[in-house]
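Student: Quick one: structure below, then a few questions.
The values are calculated or read from the model by the stated rules, or taken from the named source; none is laboratory data. Keep in mind the model is a prediction, meaning the values are calculated, not measured. All Cβ positions, even for glycine, are placed from backbone atoms using ideal geometry, and neighbour counts span all protein chains on display. Areas reflect the complete protein model, heavy atoms only, side chains present, ligands, DNA and RNA absent. Shrake-Rupley method; radii C 1.70, N 1.55, O 1.52, S 1.80 Å.
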Amino acid sequence: MVDAILTRKNQFFRPAVANIDQIVIVASGAVPVTDPFLIDRMAAMAEWKGCDVLICFNKCDLDRAEELTELYRSAGFRILQVSAETGDGIKELGKEICDKVSAFTGNSGVGKSSMLNALQPDFGLKVGEVSEKLGRGRHTTRHVELFPVGGGLVADTPGFSAFDVEQMEAIPKEELANAFREFRPYVEQCRFQGCAHVKERGCAVREALAEGRIAASRYKSYVRLYEQAKEIHSWELSKK
């Protein structure tokens, strides 16, 4: 029986979740090493949909991903370094998801289910191994399910590949720059209204890039997403 239909504040197609307070992007500096573009793509989508972002680097007992940690901390993101294996940082992660509806997402093999098991050992979620030959994880989560954890709800979502990321819904190119939080102070300073921030002279975003106030990898991700968005007609874009 359906008792009521509540207002939907956001919706994601990859992962397939809705009404999420925060996206927990799980990444790794160890095998499988996460491509920063995967983080940027998911973070931009969450920002566009008005969803908080927490970036969590797992497997810190093997590699603390210090360079990536500093990159995203400098961009203004909340960062945690954890190890589902040793328990390092798990208590802090529990505090971050308390009283919220969170979705754990990330590329296959980074340890999303392992982290949930560490947060609440009685889950016993199935955990896959990382293929030594291919350096990537094997999908073990086949569907999205909400679990009660620490006073909040957590969705464990299927891991994604680079191909899956390319198939995610596109952010309109006119709105993309504002989905990169460190771009926002410079967007309105551009010489021309509607600046694409790609090749234009007098672009404040590009000047910030040249002066090191915007990371080159983040800007590269922006340009890649902008070029993709240019190829999509407005009527093809999914609504928030």
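Student: Heavy atoms only, probe 1.4 angstrom, no DNA, RNA or ligands counted: give me GLU96, GLU47, GLU231 ranked by accessible area, highest first.
Tutor: Listed by decreasing accessible area, they come as GLU231, GLU96, GLU47.
Student: If each of ARG184 and GLN120 carries a label point 7 Å out from its Cα toward its Cβ, how far apart are those two points in nm?
Tutor: 3.2
Student: For segment 19-92, just say rounded, prolate or oblate: build the C-alpha gyration tensor, square-root its eigenvalues into a ≥ b ≥ c, call rounded for a/c under 1.5, and beyond that prolate if a/b exceeds b/c, oblate if not.
Tutor: On the way: a/c = 1.95, a/b = 1.49, b/c = 1.31.
Judged from the Cα gyration tensor, segment 19-92 comes out prolate (a/c at least 1.5, a/b above b/c).
Student: Kindly write out, for segment 17-25 in residue order, the coupling ³J(HN,Hα) from the Karplus curve 6.51 cos²θ - 1.76 cosθ + 1.60 (θ = phi - 60°), rounded to whole Hz, with x marking Gly and Pro.
Tutor: 9, 8, 6, 9, 7, 8, 9, 9, 8
Student: Of the listed pairs LYS49/LYS220; LYS9/LYS59; LYS59/LYS230; LYS91/LYS220; LYS91/LYS230; LYS9/LYS199, which have alpha-carbon separations greater than 31 Å here?
Tutor: LYS9/LYS59; LYS59/LYS230; LYS91/LYS220; LYS91/LYS230; LYS9/LYS199
Student: Let me ask another. Kindly sort ASP99, ASP52 by accessible area of their heavy atoms, largest first, with the probe set to 1.4 Å. Write out the running numbers ahead of the final one.
Tutor: Details: ASP99 120, ASP52 85 Å².
Of ASP99, ASP52, the descending order of accessible area is ASP99, ASP52.
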